[in-house]
1. Mind checking which residues of the range 412-436 are among the charged types (D, E, K, R) and under 21 Å from ALA288 (Cα atoms)?
2. In this structure, does GLY348 turn out to be closer than 28 Å to PRO224 by Cβ, at pLDDT below 80 and within 24 Å of the chain's Cα centre (by Cα)?
3. I need the full set of residues from the range 144-166 which are over 18 Å from SER117 (Cα atoms) and buried (at least 18 other Cβ atoms within 10 Å of the Cβ), in order please.
4. Taking the range 371-429 as the region of interest, how many residues are open to solvent by 40 Å² or more (accessible area, probe 1.4 Å) and either among the hydrophobic types (A, V, I, L, M, F, W, C) or more than 20 Å from PHE256 (Cα to Cα) (or both)?
5. State the number of residues belonging to the range 109-143 that are out of contact with any Lys or Arg (no Cβ under 8 Å at 6 or more places or on another chain), buried (at least 22 other Cβ atoms within 10 Å of the Cβ), assigned to a helix (DSSP H, G or I) and not aliphatic (A, V, I, L, M).
6. For the subset of the range 86-102 comprising residues that are assigned to a loop (DSSP other than H, G, I, E, B) and open to solvent by 10 Å² or more (accessible area, probe 1.4 Å), which member is modelled with the lowest pLDDT?
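The values are calculated or read from the model by the stated rules, or taken from the named source; none is laboratory data. Because the structure is predicted, anything quoted here is derived from the model rather than measured. As a convention, Cβ positions derive from the backbone with ideal geometry for all residues, glycine included, and neighbour counts pool all protein chains shown. Surface accessibility is based on the protein's heavy atoms, side chains included, excluding ligands, DNA and RNA. Shrake-Rupley method; radii C 1.70, N 1.55, O 1.52, S 1.80 Å.
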Amino acid sequence: ENTKLLLHKHSFMKASLALTILLLSALLMHVVFTWLLNLSHEEKLKHATNSMGIRRHPSTTPIPSHTDDSGYRSFDFEKTKNDMALFYNVYIPKVESSENMDVGNNTTNHVSTIFVSQMRQIGRSEANKGQEERLTVYYNTIGEDNVIPKDNQVVCRRNDVECIHMNHYDYGQEEYTLQNLQDYCKLHPYHRVIYLHAKGSYHNTHQNNENRITMTFSVLNKCPKTLVETIGSDGTALNVTCNVCGGLFLPIWGPFFSGNMWAAQCSYVKELVPPLVFGERMNSLQEARARNDTTSTKAQATDQGSLQTNLFDNLGSYCLGTERYSNEHWVASHPYLQPCDARGVRLGTPLAPHNPWDSKQWRMVPQENRKRLQNDENKALRMQEYFLLPGYLFRCLFLYNTLPPSWSWAWSWFPDGAEWYQAAQQFKEKVVSVVTRQYARQ
């Protein structure tokens, strides 16, 4: 009888152990399945990027140095549940500077007014409404110190945004804030960022104030929608529209976004030449361009080709993207740019007009020069023009050592795009030197 009881007890224990193992296995499978089913949005974006290859960019850009002599100070970003952050550059003219007479003694009051106005626009925007937490505004102040009110947190909280003052610089331009923005993107490569600045703080004019309000509204309310990717159940990106959006995209002189206010995908921004060195790169680029410019008395024969500048009569730093204007040319400088703008176009439509010569975007080009190059009798001039596709390809190769991909807006927007695309397939990185030299002989 005791033996039977022991056998029964032993069988019961074996059955209980087997049942326990079965339940634990089922629980583990449930945990794994739930984890796979609830992959974060960021992981899905990562999978979509790797599977489609749409947002891969060659890693040819240098890592920015935070120990150089530029005075730049990095910032430790806090963790956030949001997938978007806003970076804001506040330039405050030195009140003792004689160059700021158009601002006069009301400099501090004027900049404070701009700050309050833009915080109000941010708080009421679609960009802020679409976040889990308050939209964080990371900002630098440059120039006169202690101008932004000490109670700016009251101003920010009143408009339902979180403001974080990163640093103050006595001197500088937008490159410090842009570098902070890129640092953030390298930490959060699948987030989105918005860049704004206090336009009109230096030149207090009615036109600048109106432009600031319009551009701020467009970037905050229209652009974020063009950067949203629809992710399928398998993690595949179903809809990718653009990676940078601004109020007005201009391929000439640039490409650049007029006013330098925009929203962008971090996966694109992190691949750009760091802002701290971009100005130097642009200066070097223009030195190389001048050596190849056969319309210049300083032109020299080089292996990089024969470039000309016939579209514009006067070459200033604003159109060449040098000095402080390099910051305005920065975000649109990569060959993998997919631009959208909010200037009345249907949201989600990448900018690529099919009849470029009739586009209003040529309005900055002197009409006589435009008509001259439009004439096919002057095709040789067109195929060597720095401000057309030859120059754009030259910049892409100089800055990033790569050509635009097949889906780039540039092949369909610029004249002679099909011919340049075929030549690029054949000659690769030598395309500019081969083609321009060929037409220089005609």
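1. If the condition is that a residue be among the charged types (D, E, K, R) and under 21 Å from ALA288 (Cα atoms), then LYS428, GLU429, LYS430 are the ones that fit.
2. Answer is yes for this residue.
3. Scanning the range 144-166 gives GLU144, MET166.
4. Looking only at that region, the number is 20.
5. 1
6. Taking the range 86-102 first, the residues assigned to a loop (DSSP other than H, G, I, E, B) are 93-97, 101-102.
Next, only the ones that are open to solvent by 10 Å² or more (accessible area, probe 1.4 Å) stay: 94-97, 101-102.
Working: LYS94: 75, VAL95: 68, GLU96: 62, SER97: 53, MET101: 44, ASP102: 49.
This residue is MET101.
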